[in-house]
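Engineer: First, the structure itself, so that you have it in front of you.
The values are calculated or read from the model by the stated rules, or taken from the named source; none is laboratory data. Quantities reported herein were computed from a predicted structural model and do not represent experimental measurements. Please note: Cβ atoms are built from the backbone with ideal geometry, for glycine as well, and neighbour counts cover all protein chains shown. All accessible areas refer to the heavy atoms of the entire protein, side chains included, with ligands and DNA or RNA removed. Shrake-Rupley method; radii C 1.70, N 1.55, O 1.52, S 1.80 Å.
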Amino acid sequence: MTEYSLKQLAEITKGELSGEEFLTFSSLSIDSRKINTSLSTLFIAIKGERHDGHLYINEMVEKGIRCFLISDKTAIPESAKECGFVVVKSTTRAFHELARFHRNSFTLPVLAITGSNGKTIVKEWISAGLGIKHKVTRSPKSYNSQVGVPLSLWLLDNESEFGVFEAGISKPGEMEALNELIRPDYGIITNIGEAHQENFSSHNEKLLEKIKLFKGCKKIFYCSDHTLIHEELVKQFNAEQLVSWSTSSIDASLHIISLKTIDKSTEVELKSKYGSIKLKVPFTDKAGIENAIQTFNFLIYQGYSESDLKQVISNIHPVAMRLEQLSGINNCILINDSYNSDINSLQIALDYMNQQKGRPGTIILSDIEQSGKSSTELYEQIALSVQRAGIKKFIGIGPGLMSQKENFGFLNSAFYLSGAALIESGMLGTLKNENILIKGARSFRFENIVHHLAEKNHTTVLEINLNNLLHNLNYFRSLLKSPTRIMVMVKALAYGSGGNEIATLLQHEKVDYMGVAFTDEGVQLRQEGINIPIMVMSPGKEDFERIIDNDLEPEIYSFNILKNFIETAKRLQVSEYPIHLKIDTGMHRLGFLPREIPTVIDLVKSSGTIKLQAVFSHLAASDAAKHDEFTKHQIKTFNLAYKQISSALGYNPIRHILNSAGIERYPEAHFEMVRLGIGLHGISALNADVKPVSTLKTHISQIKQIDSGETVGYNRRGLANQDIKIAIIPVGYADGLDRKFGNGNGEVIIAGQTAPFIGDICMDMSMINITDIVCSEGDEVILFGEENPITKLAEKINTIPYEILTNVSSRVKRVFYKD
């Protein structure tokens with residue numbers, strides 16, 4: 001890695017140098033939560049709408065960071081005696097200047113990829129293809145933003161022979177800056193679609209912004225079947241710059257003669273100026289085929305022959321662009337990154353693993369292929385990264401790691417020639433109560449290791465998209481003014497999504513509070529390493545000692561509960577223990593009525609053991625415009641009660657009354673804290689840009705033909721009025737699929753088409769009508785998700801999305817993933 005001094009940084013960014021000017025750095029960090037290195041890291045304090053890196057400088061100094069790029073000189077702590085600071089007007093702009101300087105130090109060819117969908121997959125596949133002949137430096141995962149691109153460019157070093165980088169935008173005015181950073185020789189645009197459309201008036205406006213990336217490009221690669229893209233590129237660039245492919249135009253640089261589906265593969269026949277080629281790709285979906293042809297178009301221009309392309313195909317697959325988190329045997333958590341192995345993605349995976357608290361960390365790692373480094377240099381670097389990440393156990397697979405085992409002597413380590421040898425050794429069965437990162441090159445077939453370590457569940461899974469969850473969290477955060485805190489409700493397994501895993505991520509994202517329904521949920525979170533404040537909404541008096549022992553904060557809603565908690569606190573000799581006092585402002589569920597407040601005040605003041613951490617209430621209809629007057633009455637009643645309480649006590653507890661819909665619709669009542677629940681999972685009262693988090697999916701177990709007049713399922717309720725084709729899927733009411741969906745009241749998605757349920761929903765399976773759908777046994781079935789929203793399903797059976805989500809049974813495996 002290239003090393004820079006702070007003195008050089010000040011010259012590059014035209015910043016003011018304060019402190020030690022000759023300190024050097026070779027790595028960058030913009031996230032205080034993901035720092036594993038120390039003296040070699042430059043911490044860049046980015047200031048955004050909701051985050052300010054300057055608030056974490058003192059913490060970084062304590063972690064051993066010595067080099068800083070900042071924009072607020074007053075943030076330099078007194079403890080930073082041996083540190084160096086470069087002070088600039090804008091750290092984001094200075095970050096770009098540093099990345100631009102670094103990029104300009106290299107003369108290698110660079111490809112930049114943009115588009116609404118498919119950027120990351122095309123980037124990975126082209127990188128794999130180029131990697132056969134070159135040392136490729138590419139964007140990690142989907143690092144394509146104003147921050148992700150400079151971080152990606154920083155990975156360039158003297159061994160890089162080809163650069164492949166993504167560029168994404170979310171609003172006008174962003175792409176020009178990325179073009180100046182990347183300075184691409186070649187450009188690819190995959191397509192233009194709905195992604196980030198909210199900030200553009202039309203697809204054409206967004207396209208015009210995206211193709212600013214291609215300024216200065218020698219060649220631009222695209223599909224001319226996308227009419228909007230073709231017409232705009234022809235207008236703005238010379239014909240010699242354009243390298244198109246098409247399924248319809250024989251004038252394209254690459255003409256797709258035919259596409260034939262063969263089992264679960266597609267035979268692609270193409271014709272270029274070099275002649276005709278037939279290639280077989282291992283998938284049949286339209287997006288996968290298009291991404292593969294984008295890859296072929298670029299590599300053919302680079303001089304790849306038919307045999308070269310067949311070698312490329314052997315290495316491409318539906319790319320796992322995400323880290324999957326699975327439940328494992330012996331109470332282990334698996335972090336599956338088993339199709340991706342290089343030094344940069346390893347660091348990302350280690351950062352992700354460090355977010356998972358409560359268990360010691362283990363890594364199963366294969367040899368890293370085509371790194372461009374000597375084995376000694378490569379594995380010394382890996383050993384250092386593993387050590388800094390605090391890994392306790394290391395399992396190395398492959399001859400390269402075996403030859404360098406002495407680098408890992410500081411760990412409890414073991415080495416095997418192959419994944420099969422590890423499985424045969426029986427060692428996997430000895431792993432207990434651990435977080436296990438599984439990361440390997442595709443050739444090592446680590447999916448077999450994942451299979452042996454994963455809990456055995458049936459094929460129905462609930463996928464949790466952590467990227468979408470964080471998007472939703474940040475949307476609701478953006479509605480709040482900076483003093484307002486946020487409590488996230490993780491009760492009922494975080495609305496069915498998996499309480500412990502979601503809570504770990506939320507703690508990493510520095511939410512202020514969590515809320516659970518019952519004491520057991522709070523205790524479990526504490527055992528999993530969650531240390532931020534937790535409110536328990538329905539405590540029983542038998543729970544109070546455990547609540548205090550685990551530093552949980554109870555909701556106090558009745559005189560019986562209040563008196564019993566005071567007695568327990570006195571017996572345990574605690575003082576000023578924080579409680580949340582519930583006021584019933586009109587929902588008439590739990591809580592003290594306004595007329596009872598004077599007596600509550602007397603009990604609190606005389607107790608000597610408790611303190612009101614918060615006063616709160618619950619809105620009955622915050623999402624319903626027709627009840628707005630009642631909601632405003634509740635807020636007014638709450639304010640009057642709060643004034644009475646705070647005046648009598650002589651201090652001001654936190655106030656919180658708003659749920660997800662209330663956060664959006666009643667900004668005047670944000671107060672000191674809000675409670676985020678269903679909104680985190682993609683439900684908005686204003687139909688805002690939130691994203692679905694959970695996808696319930698299964699697979700087809702069997703397909704059969706049913707003659708007209710025959711019936712399907714129990715009680716013969718599913719009548720075939722004509723000859724039909726049905727599929728049986730292994731999901732039923734024991735998995736949380738409501739029986740009301742039976743007999744055509746609900747539907748699933750197969751290959752983008754809807755298939756209604758036929759007959760009653762059974763305990764462990766159900767039947768769907770697939771008469772007009774081309775599909776096979778084993779094909780994927782979506783019960784709900786982005787293609788089949790839970791809001792739509794809830795309307796069909798006259799319920800609410802909460803019920804659909806929380807009904808998903810615990811026997812359904814949860815799979816967490818993140819780009």
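Engineer: With the requirement that a residue be in a helix (DSSP H, G or I) and either of a type in the set (V, I, T) or open to solvent by less than 40 Å² (accessible area, probe 1.4 Å) (or both), what does region 428-443 give you? Quick ask: steps written out before the conclusion?
Structural biologist: So the first thing to find is which residues in region 428-443 are in a helix (DSSP H, G or I), and the list is 428-430, 442-443.
The answer is L428, T430.
Engineer: Continuing with this model, one more query. Just need a number here: residues in region 163-202 that are modelled with pLDDT of 90 or more, more than 21 Å from F106 (Cα to Cα) and open to solvent by 40 Å² or more (accessible area, probe 1.4 Å).
Structural biologist: Here the count works out to 2.
Engineer: Turning to a different aspect of this structure: Take residues that are surrounded by 14 or more Cβ atoms within 10 Å (Cβ to Cβ), β-branched (V, I, T) and at negative phi and tell me which of the strands (runs of 3 or more DSSP E) falling wholly in region 236-287 contain 2 or more. Give the derivation first.
Structural biologist: Values: elements: 242-246, 254-262, 265-272, 275-281.
The qualifying strands (runs of 3 or more DSSP E) are 265-272, 275-281.
Engineer: Inspect all residues belonging to region 107-115 and state whether any of them is polar (S, T, N, Q), modelled with pLDDT of 90 or more, part of a loop (DSSP other than H, G, I, E, B) and open to solvent by less than 10 Å² (accessible area, probe 1.4 Å).
Structural biologist: First pass over region 107-115, keeping only residues polar (S, T, N, Q): 107, 114.
Within this subset, residues satisfying the condition of being modelled with pLDDT of 90 or more are 107, 114.
Now restrict to residues that are part of a loop (DSSP other than H, G, I, E, B): 107.
Imposing the further condition that a residue be open to solvent by less than 10 Å² (accessible area, probe 1.4 Å) reduces the set to none.
No - not one qualifying residue is present in region 107-115.
Engineer: Only residues that are out of contact with any Leu (no Cβ under 7 Å at 6 or more places or on another chain), aliphatic (A, V, I, L, M) and not in a loop (DSSP other than H, G, I, E, B): list them for region 615-637, please.
Structural biologist: Those that are out of contact with any Leu (no Cβ under 7 Å at 6 or more places or on another chain), aliphatic (A, V, I, L, M) and not in a loop (DSSP other than H, G, I, E, B): A625, I635.
Engineer: Identify all residues within region 509-544 that are closer than 22 Å to G328 by Cα and either crowded, with 16+ Cβ neighbours inside 10 Å or in contact with a Pro (Cβ under 6 Å, 6 or more places away or on another chain) (or both); write none if there are none.
Structural biologist: Scanning region 509-544 gives E521, V523, Q524, L525, R526, E528, I530.
Engineer: Could you check how many residues of region 156-174 are within 24 Å of the chain's Cα centre (by Cα) and either of a type in the set (V, I, T) or closer than 17 Å to I113 by Cβ (or both)?
Structural biologist: 8
Engineer: I would also like to ask the following. Would you call Q702 over 27 Å from S606 (Cβ atoms), open to solvent by 10 Å² or more (accessible area, probe 1.4 Å) and not hydroxyl-bearing (S, T, Y)?
Structural biologist: Numbers: over 27 Å from S606 (Cβ atoms): yes; open to solvent by 10 Å² or more (accessible area, probe 1.4 Å): yes; not hydroxyl-bearing (S, T, Y): yes.
Criteria met by Q702.
Engineer: Scan region 645-658 for residues that are in contact with a helix residue (DSSP H, G or I) (Cβ under 6 Å, 6 or more places away or on another chain) and under 22 Å from A685 (Cβ atoms) and report the count.
Structural biologist: 3
Engineer: Can I ask one more? Quick one: which residue in E21, E16, E97 is of a type in the set (D, E, K, R) and either surrounded by fewer than 14 Cβ atoms within 10 Å (Cβ to Cβ) or touching an Asp or Glu at 6+ places or on another chain (Cβ under 7 Å) (or both)? Give the steps one after another, and end with the answer.
Structural biologist: Working: E21 fails: either surrounded by fewer than 14 Cβ atoms within 10 Å (Cβ to Cβ) or touching an Asp or Glu at 6+ places or on another chain (Cβ under 7 Å) (or both); E97 fails: either surrounded by fewer than 14 Cβ atoms within 10 Å (Cβ to Cβ) or touching an Asp or Glu at 6+ places or on another chain (Cβ under 7 Å) (or both).
After ruling out the rest, the residue left standing is E16.
Engineer: How many residues, within region 152-162, are within 11 Å of V110 (Cα to Cα) and either free of Cβ contacts under 8 Å to residues at least 12 places away in the same chain or surrounded by fewer than 20 Cβ atoms within 10 Å (Cβ to Cβ) (or both)?
Structural biologist: Residues that pass the stated criteria total 2.
Engineer: Collect the residues in region 69-83 that are among the small types (G, A, S) and either buried (at least 16 other Cβ atoms within 10 Å of the Cβ) or in a strand (DSSP E or B) (or both), keeping them in residue-number order. Walk me through how you get there before you give the answer.
Structural biologist: Taking region 69-83 as the starting set, the residues that turn out to be among the small types (G, A, S) are 71, 75, 79-80.
Correct list: S71, A75, A80.
Engineer: Considering V122, V86, V149, which residue is part of a helix (DSSP H, G or I), closer than 22 Å to D52 by Cα, open to solvent by less than 40 Å² (accessible area, probe 1.4 Å) and aliphatic (A, V, I, L, M)?
Structural biologist: Numbers: V122 fails: closer than 22 Å to D52 by Cα; V86 fails: part of a helix (DSSP H, G or I).
Every option except V149 fails the conditions.
Engineer: When only residues in region 343-380 that are at pLDDT below 75 and touching a Pro at 6+ places or on another chain (Cβ under 9 Å) count, which is farthest from A441 (Cα to Cα)?
Structural biologist: Looking at residues that are at pLDDT below 75 and touching a Pro at 6+ places or on another chain (Cβ under 9 Å), I get I348.
Engineer: Of all residues in region 368-407 being among the charged types (D, E, K, R) and part of a helix (DSSP H, G or I), which is most open to solvent (accessible area, probe 1.4 Å)? Lay out the reasoning, then the answer.
Structural biologist: We begin by selecting, within region 368-407, every residue among the charged types (D, E, K, R); these are 369, 373, 377, 380, 388, 392-393, 405-406.
Checking the rest, the ones that are also part of a helix (DSSP H, G or I) come to 377, 380, 388, 405-406.
On the way: E377: 83, E380: 97, R388: 95, K405: 94, E406: 121 Å².
Among those residues, the one meeting the criterion is E406.
Engineer: Follow-up question, since we're still on this one. Can you tell me which residue is least open to solvent (accessible area, probe 1.4 Å) among those in region 408-426 that are out of contact with any Gly (no Cβ under 9 Å at 6 or more places or on another chain) and closer than 18 Å to L378 by Cα? I'd like the intermediate steps shown before the answer.
Structural biologist: Applying the first criterion (out of contact with any Gly (no Cβ under 9 Å at 6 or more places or on another chain)) to region 408-426 yields 409-412, 420-426.
If we keep only those that are closer than 18 Å to L378 by Cα too, we end up with 409-411.
Values: G409: 62, F410: 90, L411: 21 Å².
The extreme case among them is L411.
Engineer: Please return the ranges of strands (runs of 3 or more DSSP E) entirely within region 1-68 where 3 or more residues are closer than 22 Å to L346 by Cα, of a type outside the set (A, V, I, L, M) and modelled with pLDDT of 85 or more.
Structural biologist: Working: elements: 16-19, 27-29, 41-44.
Here the list is empty.
Engineer: Looking only at residues in region 766-780 that are closer than 23 Å to E463 by Cβ and at pLDDT below 95, which one is most open to solvent (accessible area, probe 1.4 Å)?
Structural biologist: E777
For every residue, the table says whether it meets (1) over 24 Å from N336 (Cβ atoms); (2) assigned to a strand (DSSP E or B).
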| site | (1), (2) |
| --- | --- |
| I749 | yes, yes |
| D760 | yes, no |
| E777 | yes, no |
| L783 | no, yes |
| E803 | yes, no |
| V808 | no, no |
| R814 | no, yes |
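Engineer: Inside region 212-227, can you point out the residues that are modelled with pLDDT under 95 and either in contact with a Gly (Cβ under 9 Å, 6 or more places away or on another chain) or assigned to a helix (DSSP H, G or I) (or both)?
Structural biologist: Matches in region 212-227: T227 only.
Engineer: Next question, about the same structure. Against the conditions (1) in contact with a His (Cβ under 7 Å, 6 or more places away or on another chain); (2) within 23 Å of I800 (Cβ to Cβ); (3) β-branched (V, I, T), where does I749 fall short? Just the number, please.
Structural biologist: Looking at each condition in turn, I749 falls short on (1).
Engineer: Could you please give the count of residues in region 297-315 that are within 31 Å of the chain's Cα centre (by Cα) and exposed (fewer than 14 other Cβ atoms within 10 Å of the Cβ)?
Structural biologist: Residues flagged as within 31 Å of the chain's Cα centre (by Cα) and exposed (fewer than 14 other Cβ atoms within 10 Å of the Cβ) within region 297-315 amount to 1.
Engineer: May I ask you to list the residues in region 611-644 that are open to solvent by less than 50 Å² (accessible area, probe 1.4 Å) and either of a type in the set (G, A, S) or in contact with a helix residue (DSSP H, G or I) (Cβ under 6 Å, 6 or more places away or on another chain) (or both)? Walk me through it before giving the result.
Structural biologist: First, the residues of region 611-644 that are open to solvent by less than 50 Å² (accessible area, probe 1.4 Å): 612, 614-619, 621-622, 624, 628, 631, 634-635, 637-639, 641-642.
A614, V615, S617, L619, A621, S622, A624, I635, A641 - these are the residues of region 611-644 that are open to solvent by less than 50 Å² (accessible area, probe 1.4 Å) and either of a type in the set (G, A, S) or in contact with a helix residue (DSSP H, G or I) (Cβ under 6 Å, 6 or more places away or on another chain) (or both).
Engineer: Now for a different question. For region 391-431, which positions are closer than 24 Å to G358 by Cα, more than 31 Å from the chain's Cα centre (by Cα) and of a type in the set (G, A, S)?
Structural biologist: Passing the criteria: only A414.
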